[in-house]
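Encoded as structure tokens, the structure appears first; notes follow it.
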Amino acid sequence: MCSYGLLPDLITYSILLDGLCKHDHLDEAIKLLQAMQESKIEPNNFIYTILIQGMCNFGKLESARELFSSLFVKGIQPDVVTFTVMISGLLRRGLSGEAYELFRKMADLGCLPNGCTYNVVIQGFLRKR
């Protein structure tokens with residue numbers, strides 16, 4: 001792509017990151033994120049959500065937590081999808097207390113849950129029973 005004088009944009013990076021994360025190539029995805037930032041393309045919520053979901057799906061919950069927390073430090077407000085992905089990852093690991101706290105924090109920050117969020121929370125708590 002670059003050899004043809006074409007530079008990747010945010011959409012290109014998101015597609016590449018999504019593919020890497022869906023196939024458990026998380027180390028490569030992190031390197032691609034760094035390359036993206038070095039090329040002065042700022043990741044958005046969508047990009048971070050892709051990474052957080054990949055981390056949660058492949059057992060890297062601590063990395064997902066760190067990345068999620070870093071959003072606030074960077075001044076990025078997670079959206080309903082990002083919160084839902086993180087809550088889902090916590091619930092799948094049996095961390096219902098932490099998931100519930102995050103659900104409450106979501107509302108406190110003015111990010112209203114949607115139908116998907118409620119579905120994830122209800123199913124997560126039903127699995128715990």
Worksheet item: Among the residues of region 18-31, how many are under 18 Å from L71 (Cα atoms) and either in contact with a Leu (Cβ under 6 Å, 6 or more places away or on another chain) or modelled with pLDDT under 95 (or both)?
Response: 1
Response to the item:
Residue hits (region 98-113; surrounded by 13 or more Cβ atoms within 10 Å (Cβ to Cβ) and assigned to a loop (DSSP other than H, G, I, E, B)) are C111, P113
Discussion item. With touching a helix residue (DSSP H, G or I) at 6+ places or on another chain (Cβ under 9 Å) and modelled with pLDDT under 95 as the only criterion, which of P113, P78, P8 stands out?
Written reply: P8
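Collect the residues in region 114-129 that are in a loop (DSSP other than H, G, I, E, B) and loosely packed, with under 12 Cβ neighbours inside 10 Å, keeping them in residue-number order.
So in region 114-129, the residues in a loop (DSSP other than H, G, I, E, B) come out as 114, 129.
Correct list: R129 only.
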Worksheet item: Do we find a residue being closer than 24 Å to P8 by Cβ, surrounded by fewer than 16 Cβ atoms within 10 Å (Cβ to Cβ) and at pLDDT 95 or above anywhere in region 59-71?
Response: yes
Discussion item. Return the residues of region 9-42 that are in a loop (DSSP other than H, G, I, E, B) and on the phi < 0 side of the Ramachandran plot; say none if nothing qualifies.
Written reply: D9, H23, H25, S39, I41, E42
Practice prompt. Quick one: in region 34-58, of everything that is aliphatic (A, V, I, L, M) and either within 11 Å of the chain's Cα centre (by Cα) or crowded, with 20+ Cβ neighbours inside 10 Å (or both), which residue is farthest from R92 (Cα to Cα)?
Written response: M36
Response to the item:
Pairs returned, first residue in region 105-121 that is closer than 13 Å to Q77 by Cα, second residue that is of a type in the set (D, E), beta-carbon separation under 8 angstrom, 6 or more apart or interchain, are C111/D79
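Quick one: is L91 within 16 Å of M106 (Cβ to Cβ) and in contact with a helix residue (DSSP H, G or I) (Cβ under 6 Å, 6 or more places away or on another chain)? Show your work before the answer.
On the way: within 16 Å of M106 (Cβ to Cβ): yes; in contact with a helix residue (DSSP H, G or I) (Cβ under 6 Å, 6 or more places away or on another chain): yes.
Yes: the conditions hold for L91.
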Practice prompt. Considering (1) modelled with pLDDT of 95 or more; (2) among the basic types (K, R); (3) closer than 28 Å to H25 by Cβ, say which one R104 fails and leave the rest.
Written response: (3)
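The values are calculated or read from the model by the stated rules, or taken from the named source; none is laboratory data. All of these numbers come straight from a predicted model, not from anything done at the bench. Virtual Cβ from ideal backbone geometry, glycine too; neighbours counted across all protein chains shown.
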